[in-house]
1. Among the numbered criteria (1) within 22 Å of A:L9 (Cβ to Cβ); (2) modelled with pLDDT of 95 or more; (3) of a type in the set (D, E), which single criterion is violated by A:D115?
2. Name the residues in the range A:1-14 that are buried (at least 19 other Cβ atoms within 10 Å of the Cβ) and farther than 17 Å from A:K111 by Cβ, would you?
3. Given the options A:K42, A:K2, A:K74, name the one that is touching a residue at least 40 places away in the same chain (Cβ under 8 Å) and basic (K, R).
4. Looking at the range A:90-113, I want the residues that are within 22 Å of A:K75 (Cβ to Cβ) and have a partner that is of a type outside the set (A, V, I, L, M, F, W, C) and part of a helix (DSSP H, G or I) with Cβ atoms under 7 Å, at least 6 apart or on another chain. Which pairs are those?
5. Check the range A:10-29 and report whether any residue there is outside any strand (DSSP E or B) and within 23 Å of B:A59 (Cα to Cα).
6. Filter the range A:43-73 down to the residues that are assigned to a loop (DSSP other than H, G, I, E, B), more than 12 Å from the chain's Cα centre (by Cα) and either more than 7 Å from chain B (Cβ to nearest Cβ) or crowded, with 23+ Cβ neighbours inside 10 Å (or both) and list them by number.
7. How about the range B:85-97: which of its residues are among the hydrophobic types (A, V, I, L, M, F, W, C) and buried (at least 18 other Cβ atoms within 10 Å of the Cβ)?
8. I'm trying to understand the selection: among the residues of the range B:45-64, which are buried (at least 17 other Cβ atoms within 10 Å of the Cβ) and either touching a residue at least 60 places away in the same chain (Cβ under 8 Å) or in contact with a strand residue (DSSP E or B) (Cβ under 7 Å, 6 or more places away or on another chain) (or both)?
Amino acid sequence: MKLKEIKDLLQAEIICGEDHLEEEIEMACASDLMSDVLALGKPGMLLITGLANVQSVRTANIIEAKAILYVRGKKPDQEGIALAAKQNIPLLTTNYLMYQACGLLYQRGLKSVRDAE
Amino acid sequence: MMVKIQGNEKESGLIETFSITGGDFHHAGQVSTQIKEILKELGIDPNIVRRAAIVAYEAEMNVVMYAQRGIFMLKVTPQQIKFFVQDEGQGIPDIELAMQEGYSTATPEMREMGFGAGMGLPNIKKNSDIFEISSEVGKGTCLNITIFLDQGKKQ
């Protein structure tokens, strides 16, 4: 699924990384706990989170997530956005709750990190 | 706040030492981000870089969360990546318990930052080839981690 399709499906706003919208995303992991993301995450995944501090961006970089989707309308501060831009990690934000966002993406075939091998 | 103390490259490999300040959640993760960049620049296999970065990040977060200060030493030789992390802090009373997934003594502040799920030490061990931990209550904790560069030659 292209990042652009994810953006359209969730009526998301792109915070940074517009030039990455054509990239393909095959799997996702949703959590507000970065400890869990570090334990379960896989390279190339979409990180879906409501945690909008700079640690979400650092975690995405460490785990090599392809993009971050913030739910519940959350947005990181300028430092987080600057770090994401530097690390080439596109950031999106949607007003959907995490459950809704995950449901919609799963329905459209975006796999869980657990199912993607 | 993260400070790079020294860096030198000898025939025996590369050694870098960083200091980590306990309680500084804002800068937490900077040391491991830098270590990841160093390992990438050395041309190390991306899967190994990623594993090492996860180990470094979890170890750094533990210092930030549970210690007053710590030293993080990175050593890279042609055979392996070594991390030596020593902190001055509260220490771990029961290491066996701390190694169990889900066991956590995290404060609400740590959880607000997205950490403290009790996955840190088990995740460090999972991503290491050799994992050694020692701790003294009231003094601090020491981690000695090795990741082999040639995964076919694990010892």
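The values are calculated or read from the model by the stated rules, or taken from the named source; none is laboratory data. Being a predicted model, the structure only gives us computed values, none of them experimental. Using ideal geometry, Cβ is built from the backbone for each residue, glycine included, and neighbour counts are taken over all protein chains shown.
1. Going through the list (1) within 22 Å of A:L9 (Cβ to Cβ); (2) modelled with pLDDT of 95 or more; (3) of a type in the set (D, E), A:D115 breaks only (2).
2. If we filter the range A:1-14 for residues that are buried (at least 19 other Cβ atoms within 10 Å of the Cβ), which is where we start, we get A:3, A:6-7, A:10, A:12.
Within the range A:1-14, A:K7, A:A12 qualify.
3. On the way: A:K2 fails: touching a residue at least 40 places away in the same chain (Cβ under 8 Å); A:K74 fails: touching a residue at least 40 places away in the same chain (Cβ under 8 Å).
Answer to the check: A:K42.
4. From residues that are within 22 Å of A:K75 (Cβ to Cβ), the pairs are A:P90/A:H20; A:L92/A:K7.
5. Residues of the range A:10-29 outside any strand (DSSP E or B): A:10-12, A:17-23, A:25-26.
Then keep just the ones that are within 23 Å of B:A59 (Cα to Cα); that gives none.
No.
6. Passing the criteria: A:R72, A:G73.
7. Quick first cut of the range B:85-97, residues among the hydrophobic types (A, V, I, L, M, F, W, C) only: B:85, B:92, B:95, B:97.
Within the range B:85-97, B:V85, B:I92 meet the criteria.
8. Looking only at the range B:45-64, we keep the residues that are buried (at least 17 other Cβ atoms within 10 Å of the Cβ), and these are B:48-64.
Once the filter is applied, which keeps residues that are buried (at least 17 other Cβ atoms within 10 Å of the Cβ) and either touching a residue at least 60 places away in the same chain (Cβ under 8 Å) or in contact with a strand residue (DSSP E or B) (Cβ under 7 Å, 6 or more places away or on another chain) (or both), the range B:45-64 yields B:I48, B:R51, B:A52, B:I54, B:V55, B:A56, B:E58, B:A59, B:E60, B:N62, B:V63, B:V64.
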